[in-house]
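Inspection log for the structure reproduced underneath, given as structure tokens.
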Amino acid sequence: MPSQYRKDLPDRDKRNAALPTDDRGYPIPYFVATIDGKPDFRVIDPEKWVACHKKKFCWVCGQSLGSKLAFIIGPMCVINRTTAEPPMHRSCAEYSVRACPFLGKPQMVRREDEVTEANAGNVAGHMVKRNPGVACLWMARSYKLFQDGAGKPLIRMGEPFDVTWWKEGRTATREEVLVPFRSGMEILKSMCQDAGDSKALEQHYELACQFLPK
């Protein structure tokens, strides 16, 4: 029998309510992989990634997307406009930033073990294992794929028509966003290969500043 939905989680819409729940009472997002017969929220199912891109399915609920695409990203992704995760409905994104323990609790860290190590190749790009404590909801109408150094697909998000910031399930303040935004910039600087990379990064940073909370 499916577990009952947790009473301490936010109300959900029809799309989210159609998702099964795990034995803790959390909805199981569409992208989650099944490991040894159980959903593992830390692991992405690569076949679901492909379906989300090719069939325009929502990353969270698995239903068809419209023209408005929501991306949940961290401060570093706002600077380089790059993410590894396909878009979702805005309602699914807003639910996620309020209900997901990792997104809603800055003290949470990702549990690493042999399972995450074995599935590390499911995610493209250079994964930075930190919880910035804030999340950005980036609304756009388009995105493009490109390949990382290993030939795996990454997403370049289109120009946003709306950007909101979240912390602990609520709207984040400018001060709360600035600290991880600036520290993320320092991490990106350390990845630059030459002066050309550094100059391009500075330009991206200046453009990204316009999307910080007022």
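Details
- Looking only at residues in the range 162-197 that are of a type in the set (S, T, N, Q) and either in contact with a helix residue (DSSP H, G or I) (Cβ under 7 Å, 6 or more places away or on another chain) or not in a helix (DSSP H, G or I) (or both), the one that is surrounded by the fewest Cβ atoms within 10 Å (Cβ to Cβ) is Gln193.
- Among the residues of the range 130-161, those that are part of a strand (DSSP E or B) and touching a helix residue (DSSP H, G or I) at 6+ places or on another chain (Cβ under 6 Å) comprise Ala135, Cys136, Leu137.
- Within the range 78-90, not a single residue is more than 22 Å from Glu159 (Cα to Cα), open to solvent by less than 30 Å² (accessible area, probe 1.4 Å), outside any loop (DSSP other than H, G, I, E, B) and modelled with pLDDT of 95 or more.
- Leading residue by the ranking (most open to solvent (accessible area, probe 1.4 Å)) among those in the range 40-77 that are closer than 19 Å to Ala208 by Cα and not hydrophobic (A, V, I, L, M, F, W, C): Gly74
- The range 2-39 - residue that is open to solvent by 50 Å² or more (accessible area, probe 1.4 Å) and in contact (Cβ under 8 Å) with a residue 60 or more places away in the chain and, of those, nearest to Val97 (Cα to Cα): Arg12
- Test for Gln147: is it polar (S, T, N, Q), farther than 29 Å from Pro213 by Cα and modelled with pLDDT of 95 or more: no
The values are calculated or read from the model by the stated rules, or taken from the named source; none is laboratory data. Everything quoted here is computed from the prediction, not taken from an experiment. With ideal geometry, Cβ positions are generated from the backbone for all residues, glycine too; neighbour counts draw on all protein chains shown. Surface areas here come from the heavy atoms of the whole protein model, side chains and all, with no ligands, DNA or RNA. Shrake-Rupley method; radii C 1.70, N 1.55, O 1.52, S 1.80 Å.
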